[in-house]
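The values are calculated or read from the model by the stated rules, or taken from the named source; none is laboratory data. Quick caveat: nothing in here was measured; it's all calculated off a predicted structure. All Cβ positions, glycine included, derive from the backbone under ideal geometry; neighbour counts span all protein chains shown.
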């Protein structure tokens, strides 16, 4: 298998983090430079269908994009440690919090960065109003996570799951715009420190 990757981008980092947590080291990493448009070249588009990263090319040539779809596939191939749920009930709770982490935190903060950071202007036409709205929405989402994390170590289960990876990678990406997280979000800060201290945090950079 081959994973088409690019440094610095949050969605590919999710997959690298996921792989690091599981100790997956038998997938070839192919690095593309999106700042130079490598993801828009015909050879890549023929595989991926859309100019999106990451992409996983399976052994039979099937190629999938979307970071969570890739992680789900890898979970089926490398089931331990479990990160998507081991019972129907646990799967449902993890899915719910993964969706909340995506919609309330990761996506708005990523849009805030993409429409603010000068270096990313090469990728799309930036809109300051989009950046401001989404950054504020992302901070509101962080408050939801803080409430959930009161008295617990992880967002969705009694261990790290894909929901934690989605939320933290989105939050950490916002460091590019020096996001100020409210000091009152103490549980979130504790959780974020725990995420930063994991070996996978460095392996997934």
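If you take the residues of the stretch 98-143 that are loosely packed, with under 13 Cβ neighbours inside 10 Å and part of a loop (DSSP other than H, G, I, E, B), which of them is farthest from the chain's Cα centre (by Cα)? Checking each candidate, the answer is 125.
Results for (1) outside the structural domain of residue 162 (by TED's automatic domain parsing); (2) surrounded by 19 or more Cβ atoms within 10 Å (Cβ to Cβ); (3) within 18 Å of residue 200 (Cβ to Cβ); (4) touching a strand residue (DSSP E or B) at 6+ places or on another chain (Cβ under 6 Å), shown as yes or no for each residue.
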position: 17; (1), (2), (3), (4): yes, yes, yes, no
position: 24; (1), (2), (3), (4): yes, no, yes, no
position: 30; (1), (2), (3), (4): yes, no, no, yes
position: 43; (1), (2), (3), (4): yes, no, no, no
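Considering the stretch 41-72, the residues that are part of a helix (DSSP H, G or I) and more than 16 Å from the chain's Cα centre (by Cα) include one that is farthest from residue 2 (Cα to Cα), namely 42.
Determine whether the stretch 123-130 contains at least one residue that is touching a helix residue (DSSP H, G or I) at 6+ places or on another chain (Cβ under 8 Å) and touching a residue at least 60 places away in the same chain (Cβ under 8 Å).
Initially, the stretch 123-130 is screened for residues touching a helix residue (DSSP H, G or I) at 6+ places or on another chain (Cβ under 8 Å), giving 123-124, 126, 130.
In the following step, the residues that additionally are touching a residue at least 60 places away in the same chain (Cβ under 8 Å) were identified as 123.
Yes, that holds for at least one residue.
In the stretch 69-84, the residue that is surrounded by the fewest Cβ atoms within 10 Å (Cβ to Cβ) out of those that are free of Cβ contacts under 8 Å to residues at least 60 places away in the same chain and in contact with a strand residue (DSSP E or B) (Cβ under 9 Å, 6 or more places away or on another chain) is 69. Screening 10, 81 for residues that are in contact with a helix residue (DSSP H, G or I) (Cβ under 7 Å, 6 or more places away or on another chain) and within 19 Å of residue 110 (Cβ to Cβ) leaves exactly one candidate, 10.
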